[in-house]
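Note sheet for the following structure.
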Amino acid sequence: MLDAVDRTTAGERIIASKAAPRGLLPMEARGLTLAISGKRLVDAVDLDLNANSITMIMGPNGAGKSLLIRLLHGMITPTSGSITWSGEQLNEGMRRRQAMVFQRPVLLRRSVAANVDFVLSLRGPTDKAKRDHILEHVGLLEHAKQPARLLSGGEQQRLALARALALEPDVLFLDEPTASLDPASVLRIEQIVSSAHASGTKIIFITHDFGQAKRLAGDIVLMHRGGVLEHTPAEKFFEKPQTAKGVDFLAGRIVL
Ligand SMILES: Nc1ncnc2c1ncn2[C@@H]1O[C@H](COP(=O)(O)OP(=O)(O)OP(=O)(O)O)[C@@H](O)[C@H]1O
Ligand SMILES: [Mg+2]
């Protein structure tokens, strides 16, 4: 392993160093509730994420998917209930080992390279080789000097992913990262996500796209009205969901 690391460039070391499974799992949520103005938007969710799989969160609009992952990432505080990662209450140190990519990319109004440099600078001295490797990995090296705002939607989303991966997260949350992208751009993002997963990152991914879920998911968390209806291995889910509502959802019959 050390030999392999020694032979790689600085950039490749980012990927290689993650090959061994790392330590934020398992995640346990118990009675997780978020109430706003008396409405339980996330309602008594119990959820266990044990495997270093790609977990896909699905469910109709307004089901509470985005709120759930924001809670799991500690971006918002629950009204009640608990979240532990590797047996400890969610804390700042854990949050720094996680990253989030949103449906609309969050980027700095600077160059593509500066967007990645900024994230790397949070972790240590700027490392140009590392930055270039990350940009190459997401297919943006030739755009390095361009202003990020001039990138296409798909390219901006790849830059958002590059920024998230620069953090070398143990856990990567993705909230509909391919919702407005063309099919080729969707597949590129999926390849990058799969490769992050293959190198040891736990992926928690919200999608409305059944094809995407079938391509990527190890397990499916199905949400409805703030609750988790079922958490099922993906193959089993697409063959036959474990709940009647799950069957309705797959048939397009379930709405909020
Ligand atoms: N800050 C807020 N204040 C009040 N209601 C909110 C707030 N944030 C979200 N909601 C409501 O909570 C519900 C769940 O929202 P959430 O964004 O988690 O849904 P979602 O499952 O991600 O839906 P979509 O598939 O449309 O993205 C929605 O009805 C939404 O209107
Ligand atoms: Mg959402």
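Every read-out reported here was derived from the displayed coordinates using simple, explicitly stated rules and does not represent laboratory data. Just so you know, these numbers come straight off a predicted model, no measurement behind them. Positions of Cβ are generated from backbone atoms using ideal geometry, with glycine treated the same way; all protein chains shown enter the neighbour counts.
Brief remarks follow.
- Cross-link pairs exceeding 19 Å in C-alpha to C-alpha distance, out of Lys214/Lys236; Lys39/Lys202; Lys65/Lys240; Lys39/Lys65; Lys39/Lys245, comprise Lys39/Lys202; Lys65/Lys240; Lys39/Lys245.
- Structure remark: mean-square fluctuation, Gaussian network model of the chain, C-alpha springs under 10 Å; the largest value among His143, His73, His197 belongs to His143.
- Largest-first principal axis extents, alpha carbons of the chain, Å: 51, 39, 38
- Cα long-axis angle, helix 153-166 against the chain (0 to 90 degrees, to the nearest 10): 80 degrees
- Cβ-Cβ FRET estimate between Asp209 and Asp48, R0 fixed at 22 Å, reported to 0.05: 0.35
- Taking the range 2-250 and dividing mean pair separation by its residue count, relative contact order in percent (alpha carbons under 8 Å, at least six apart): 27 percent
- Every helix of 4 or more DSSP H residues in the chain counts as -39500 (n - 2.57), and over all residues that averages to -10500 deg cm²/dmol at 222 nm.
- Extension gain, Leu150 back to Ser180 (0.36 nm per residue minus Cα-Cα distance, nm): 9.1 nm
- On Cα atoms only, tilt of 183-198 relative to the major axis of the chain in degrees: 90 degrees
- Between Ile36 and Ser121, full extension at 0.36 nm per residue minus the direct alpha carbon distance yields a gain of 27.0 nm.
- Rough spin-label spacing in nm, given labels placed 7 Å along Cα→Cβ, for Asn61 and Gln242: 3.0 nm
- Beta bridges assigned by DSSP with both partners in the chain are antiparallel in approximately 55 percent of cases.
- In this calculation the C-beta distance from Thr84 to Glu235 is compared with R0 = 25 Å, giving a FRET efficiency of 0.35.
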